[in-house]
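Undergrad: Sharing a structure here in structure tokens format.
All of the numbers you see were taken from the coordinates with simple rules; none came from a lab. These numbers were taken from a predicted model, which means no experiment stands behind them. Neighbour counts run over all protein chains shown; Cβ positions are idealised from the backbone, glycine included.
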Amino acid sequence: MRYHRRSSPLHAARAGAGCAYCLALCLAALLFSNPIVVGAVVVAIMGAALGAGVGRDVARAALLSLPLVIAIVVINALVARDGLTVIVRLGNLPVLGQTDVTLEATVYGAILGLRAVALIMCGALYTAAIDPDDVLRMFRRVSFRSALTATLATRMLPVLVRDSHRFADAQRCRPGRPPSRLTLIRAASSGVLDRALDVAAALEVRGFGCARRPPRARRPRSRHEIHFAAAAIVLIVIATGARIAGLAPFAAYPGLHSPVDAGVIAVAAAIILCALLPFADRRGIAR
């Protein structure tokens, strides 16, 4: 998965607004344990991905996270000793001892898995919709050398991948068994230090070591940047305010307590609405 330029409001916004938007969605997923609200965050992220034209990439990331979700559910069900409703008695297991799987532990593990899916989907949305070069330009005034190092690191990775493909093609021409992946990785990474020294020497010759702090870029703020920044602020206010006010309560132990009332529905609807509202304005994004 990598960044692709699309004609969408999120791609048209600056990296700062996009990063704040993704962080606000992650914060909303972390602050709540109510399954309705966490599910609303997942719906909001998927809706944002569809609005940004990267729905297939985010859906693929969600599918790849299913084994992690299953592992979280199983581990929490086996390890958690709280809960009153026993659904499976596994007896005395090695290391774990007397193990009784409870409904409460299983449900809470599923909620943790759903939260993990939300965070993974949000990371996929950031990767596919936020320009990494724009992110580096945003931080270059803080530390020019760090931004340059990160840029070189991200640019060197495709080079190493191409080197490994060339080594694999060359070794397949030789008789005998094909090489293992460990052999290819060792061969591709053996010249990393020499390549890095060559790049450093070339940069030093071009005067990158004595570069001054770059001037601040003067660009007018677009309406899309304002919309996503405002959406991020509103999402943070809604999430923190609802958490402090206890509008979406949830308790897994010792018994499940997850009321479905007007407060829960209002918080879930507000998160979805605030997350998707910036995509309603698509003026000025055609490229």
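Undergrad: Show the residues, 5+ positions off or on another chain, whose built amide H is closer than 5 Å to the amide H of THR102.
TA: Hits under the 5 Å cutoff: ILE87.
Undergrad: Pop a pseudo-label 7 angstrom from the Cα along the beta-carbon direction at both ASP169 and ALA269 and give the gap in nm to one decimal.
TA: That separation, rounded to one decimal, is 5.9 nm.
Undergrad: Tell me, what HN-Hα J-couplings in whole Hz come from the Karplus equation 6.51 cos²θ - 1.76 cosθ + 1.60 at θ = phi - 60° for each residue of region 99-115, using x for Gly and Pro?
TA: Working through the residues one at a time gives 10, 10, 7, 9, 5, 5, 5, 5, 5, 5, x, 5, 5, 4, x, 5, 5 Hz.
Undergrad: Go through region 257-268 residue by residue and turn each phi into a ³J(HN,Hα) via Karplus (6.51, -1.76, 1.60, θ = phi - 60°); whole Hz please, and just put x for glycine and proline.
TA: For region 257-268, the Karplus curve yields 9, 9, x, 10, 10, 5, x, 5, 5, 5, 5, 4 Hz.
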